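Undergrad: Let me begin by handing over the structure; questions about it come next.
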Amino acid sequence: MLDDTARKLLRIMCHFRSHFGRMPQLKELARLSGRREAQVMSGLRELALQGFIQWQPPQPVEAAVVLIAWESPEPGAKVPGSGSGHWTD
């Protein structure tokens, strides 16, 4: 399970790539996430370690490649739309 910073960075990277056709730079990730650059680097390392992105720390952030765009639901977690169709599901 990703922490909040890593999850937020992953979503920003996916949306930024689809909207602008490129990966965001470190300063853009810091501005868009509201995190300091050190926190962004820590979140990126976590994403790389858990296999969500392909990136090596000496490379610039814009060289990262998103491999998995979002987390899988936790086992036993309720997935929206998986109920009977009733509005309370």
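Undergrad: Just need a number here: residues in region 7-24 that are in a helix (DSSP H, G or I) and either over 11 Å from the mean Cα position of the chain (by Cα) or closer than 14 Å to V61 by Cα (or both).
TA: Selection size over region 7-24: 10.
Undergrad: Identify all residues within region 25-45 that are of a type in the set (S, T, N, Q), in a helix (DSSP H, G or I) and within 15 Å of A64 (Cα to Cα); write none if there are none.
TA: Within region 25-45, just S42 meets the criteria.
Undergrad: Among the residues of region 24-62, what is the count of those that are open to solvent by less than 70 Å² (accessible area, probe 1.4 Å), farther than 17 Å from C14 by Cβ and acidic (D, E)?
TA: Of the residues in region 24-62, 0 are open to solvent by less than 70 Å² (accessible area, probe 1.4 Å), farther than 17 Å from C14 by Cβ and acidic (D, E).
Undergrad: Still on this structure, please answer the following. Can you say whether G43 is among the small types (G, A, S) and on the phi > 0 side of the Ramachandran plot, as far as the supplied structure shows?
TA: So G43 fails the test.
The values are calculated or read from the model by the stated rules, or taken from the named source; none is laboratory data. Predicted, not measured: the structure shown is a model, and the values here were computed from it. Backbone-built Cβ (ideal geometry, glycine too); neighbour counts: all protein chains shown. Just so you know, the surface numbers come from the protein's heavy atoms only, side chains and all, with ligands and any DNA or RNA stripped out. Shrake-Rupley method; radii C 1.70, N 1.55, O 1.52, S 1.80 Å.
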